[in-house]
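Written below as structure tokens is the structure these notes are about.
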Amino acid sequence: MENKRILINLKKYFNLLLIAIALFLALGSAVVLADQNKIEVKATVVNVRTGPGLSYDILDKVKSGTQLDVISQKNGWYQVRLDKAKIGWVAGWLLNSTEIGLNSSNKVGKINTTNVSIYQQASTTAAVLDTATVNQTVTILYTTNGWTQVKYNNIVGWVQSNTLNTTNATDDNATQNTAIQGYRLTTKQADTKLRKTANMNGAIVATLDNDTPLTYIKSVGQWYQAKTNDGQVGYVANWVVTKTAVAEIVKPTSLAKATIVLDPGHGGSDSGALSNSGQYEKKYTLAVAQQVASRLREAGANVIMTRSSDQSVSLAKRPQISNNTNADAFISFHFDSTESSNDASGITTYYYSKSKDSPLAKDLSQQLSSLPLTNKGTQYGDYQVLRDNVRPSVLLELGYINTKKDFSKISSTSYQEAIADAVYKALNQYFS
Ligand SMILES: [Zn+2]
């Protein structure tokens, strides 16, 4: 009787084992990857879990010095391969001074169509991690069955191979390590509460809008301790924010290796300031940004526009594009105005952070001196597109739209081209 029961149990376990092996094999074959993307464990011991969160079971532990292949990234967690079959998740913030290094042989691909989804897995039903658009470049990691695994904006994901053209270039940047500086939280809904203690009864420190950026301090259970950009510290529930890694700002060594976000001010229902003849600011900010974009693209830079037509883009979204793409420079284009017309003239370059933004502002302002309007130099400016921006960013006021003399320049193609040339020269200087 006893023996028989043991035998039945053994048989049951054997069947379970077979199922487990089959599952591991299936999983393993779906994620056969080249060993391109590695992280190194710096903490003494790190738990590997079955999913991207502290609530998932511990699958294994890895020790300091262990190198792991990264398959994907989600909310600050890395999906890693432990051996040929085992796949688990490690918390990025437990890997002290984590480095992600890629081999030098990675080819560069160019997206050949608009709005290409980057999927977590090689399937159109998998979660979409990001969207790339025509002419953006990605690093090709691995190709299989009509799908290509790519690195794009520090995210590793999959695109359908027919949406890519392979170029002969290789990704030199990929050999450089991208160090993670810390984490940023972004609220997912309006009326998000920042509380004094890490629970629903905690006193409210602040009520935050949707898309508000916060600096992550630490995790306490299901809560994050975080700091707002104006210095308030409190706790926010982890289910009402998204958590993303902030890459350390390492200046590329040339403009051709840089990602530049250009932000044409206003757009859509927001017209901006008016010229004396009733022309909208939004029209000229776009015209200038487009001139700058084509000049920088000619120089090989990866240019991302916050808008490329007359559309509304929220003030919160603009710095978010810069943060999410780890922009090496963000430039917002505007034209000033005064209450009564013909009252002021000239160009001003605004920065928010002295350490992060003012070196870029200085180089830009220096080159803008070549323009035919008075250069009023650099100045501190408390603008949301700069304040909420974790990347080097500036805002340019390129003349007074309701001053006749300035508007005659603003509305001319030659002035717009001169701005593009000055920005190109300034960035060349900044990235050298
Ligand atoms: Zn403006």
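Scan segment 273-305 for residues that are farther than 16 Å from residue 416 by Cα and within 13 Å of the ligand (Cβ to nearest atom) and report the count.
3
When only residues in segment 139-154 that are of a type outside the set (Phe, Trp, Tyr) and touching an Asp or Glu at 6+ places or on another chain (Cβ under 9 Å) count, which is modelled with the lowest pLDDT?
Ranking the qualifying residues of segment 139-154, first place goes to 153.
Is there a residue being open to solvent by 50 Å² or more (accessible area, probe 1.4 Å) and modelled with pLDDT under 90 anywhere in segment 178-186?
We begin by selecting, within segment 178-186, every residue open to solvent by 50 Å² or more (accessible area, probe 1.4 Å); these are 181.
Of the ones still in play, those that are also modelled with pLDDT under 90 are 181.
There is at least one residue in segment 178-186 that is open to solvent by 50 Å² or more (accessible area, probe 1.4 Å) and modelled with pLDDT under 90.
Step by step: first the residues of segment 343-380, then only those that are at pLDDT below 95 and under 20 Å from residue 261 (Cβ atoms), then the one that is most open to solvent (accessible area, probe 1.4 Å). Which residue is that?
Looking at the filtered set, the residue picked out is 355.
Yes/no matrix, rows are residues, columns are (1) within 16 Å of the ligand (Cβ to nearest atom); (2) under 24 Å from residue 325 (Cβ atoms):
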site: 357; (1), (2): no, yes
site: 362; (1), (2): no, yes
site: 369; (1), (2): no, no
site: 375; (1), (2): no, no
site: 388; (1), (2): no, yes
site: 400; (1), (2): yes, no
site: 408; (1), (2): no, no
site: 413; (1), (2): no, no
site: 421; (1), (2): no, no
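Just to check your reading of the model, which residue among 312, 332, 340 is among the polar types (S, T, N, Q), assigned by TED's automatic domain parsing to the domain that holds residue 410, crowded, with 16+ Cβ neighbours inside 10 Å and modelled with pLDDT of 90 or more? Break it down stepwise before answering.
On the way: 312 fails: crowded, with 16+ Cβ neighbours inside 10 Å; 340 fails: crowded, with 16+ Cβ neighbours inside 10 Å.
From the options 312, 332, 340, the qualifying one is 332.
Give me the residue from segment 259-272 that is more than 12 Å from the ligand (Cβ to nearest atom) and under 22 Å from the mean Cα position of the chain (by Cα) and, out of that set, most open to solvent (accessible area, probe 1.4 Å).
259
The values are calculated or read from the model by the stated rules, or taken from the named source; none is laboratory data. What you are looking at is a predicted structure, and each value in this text was computed from that prediction instead of being measured. Positions of Cβ are generated from backbone atoms using ideal geometry, with glycine treated the same way; all protein chains shown enter the neighbour counts. Keep in mind that these areas ignore ligands, DNA and RNA; they rest on the heavy atoms of the full protein, side chains included. Shrake-Rupley method; radii C 1.70, N 1.55, O 1.52, S 1.80 Å.
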